[in-house]
1. For region 70-83, check the following and say yes or no: at least one residue is under 22 Å from the mean Cα position of the chain (by Cα) and either part of a helix (DSSP H, G or I) or surrounded by fewer than 21 Cβ atoms within 10 Å (Cβ to Cβ) (or both).
2. Name every residue in region 184-217 that is within 19 Å of Thr105 (Cβ to Cβ) and part of a helix (DSSP H, G or I), in order of residue number.
3. Can you name the residue in region 173-183 that is touching a helix residue (DSSP H, G or I) at 6+ places or on another chain (Cβ under 9 Å) and in a helix (DSSP H, G or I) and is also surrounded by the most Cβ atoms within 10 Å (Cβ to Cβ) among such residues?
4. Quickly run through region 49-69 and pick out the residues that are under 22 Å from Thr4 (Cβ atoms) and within 23 Å of the chain's Cα centre (by Cα).
5. Considering only residues that are under 29 Å from the mean Cα position of the chain (by Cα) and farther than 23 Å from His260 by Cα, which ones fall in region 415-441?
6. Considering only region 238-343, give the strands (runs of 3 or more DSSP E) lying wholly within it that have at least 3 residues that are of a type outside the set (Gly, Ala, Ser) and closer than 26 Å to Leu84 by Cβ.
7. One residue is enough: does region 72-82 have a residue meeting the conditions at pLDDT 95 or above and at positive phi?
8. One residue is enough: does region 186-202 have a residue meeting the conditions more than 24 Å from Arg402 (Cα to Cα) and either of a type in the set (Asp, Glu) or at pLDDT below 95 (or both)?
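The values are calculated or read from the model by the stated rules, or taken from the named source; none is laboratory data. Nothing here was measured: the structure is a model prediction, and the numbers come from that model. In this analysis, Cβ positions are derived from the backbone assuming ideal geometry, glycine residues included, and neighbour counts consider all displayed protein chains.
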Amino acid sequence: MKNTLLYIETFGCQMNVHDSEQMAALLADSGYKLTENIMLADLILINTCSIREKAAQKVYSILGRLVKIKKKNTELIIGVGGCLAQHIGQKFHKKFDHLDFVFGTHNIDRLPQMVAAIKEKREKITEIDFYESVNSIGVFVPPQNGDVSAFVTVMQGCNNFCAYCVVPYLRGAETSRPSDDILEEIRKLADHGIKEVILLGQNVNSYGKTIGNGLSFAALIKKIGKISGIERIRFTTSHPRDLSDELINCFADEKKLCDHIHLPVQSGSNRILALMNRGYTVEEYMKKVDHLRKLNPYISITSDIIVGFPGETQDDYQETIDMMEKIRFDSTFSFKYSEREGTEAQKLEGKIEECERLRRLKQLQMLQDRHTLDKNIALENTRQEILVERRSKNSKDDLMGRTRSWKIVNFKGGLELTGKLVDVKISKGYLHSLRGKMIDKEVGNVN
């Protein structure tokens, strides 16, 4: 079968990245081969994000630029998927006449059929229905040569309905995959040479609650830890309210579970957390942080923070700053509040002016940069286990890998080390990475 070329532009979270991988895997059976050159593509897919307005504007911008490409190549097929497609649906066609099809978060498995139908009839298609199960959730993505790490979706959807968030409306209710299916996929990945799996879900802590087999997320991690060939386990994302002692204990007991947790706090003000419908207090959050650090002193804790939420006073904001000073996260993803249609937060009074939201965000990010740099400098002269991922983007002489705590390390070495666990002595801590020298395990020398 003649290869036709597929270009995918992905916006948003790691779940979206893996969704795009699964799209490519599904379409490979129809003869599509990925290209990085959008001008050569026969099929262009835009996998969208709707969590913030900025992400939506990026999607509109790229779709606008595709008009010229479509005029030059009238056989070109253009599709839009993901959360924004689920949100807007049919309206996408009214906004962009050159768009061929729109598909939602539960319709990825239908991609080959949709593309075939457009080729045959050249009629516009919109498929955004929700289903009880997400058929694409277990689509196997064969690793590319040299891949060391792979995403594995364990659940999709969310039942939390945070006031600012559209995800429950766009990804649907929580749905967990059967544990046997997950374990079988990971065994196949290990057979393909994968050393690290990253377990994905909107709220992985809720894994298993919808399938009634009694297997918790912590129990799933322990089963994965027994799979030969898998050296490291990571997961994202966790909701603080659902972070159990059983799961926290895994960071002490399960040696393959890496020393890192992403635990979005969103605000340091109890009043704002209540308005956000987060379901915990700052004190409860900090208690879990203390528990994690007591059981695993090496753990890296990262977080998400929103500034300028409706009604956030200067005192509320200062409480977030004070919380950051106490916890000292390894890093954070921080954002200005972005109003999303259909959320409870849209109805709240006390909207914060854009200039003030921006001021608060810049101040918070400056503080976090200091904390991150301090954390990285503190690792200087320590010995770190690194999983080598690839050649460094910064130098052809360097390799790039990550510590168990998710920090990037660059060091000199040969490509034959890709996929290996090596010990590196950290020589310099920077804001976004570490520099190190590989240690010869047999004699303990620094190379």
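1. yes
2. Selection gives Val204, Ser206.
3. Ile182
4. Within region 49-69, Ile62 is the sole residue that qualifies.
5. Across region 415-441, the qualifying residues are Leu415, Glu416, Leu417.
6. Correct list: 300-307, 331-336.
7. yes
8. Within region 186-202, none of the residues are more than 24 Å from Arg402 (Cα to Cα) and either of a type in the set (Asp, Glu) or at pLDDT below 95 (or both).
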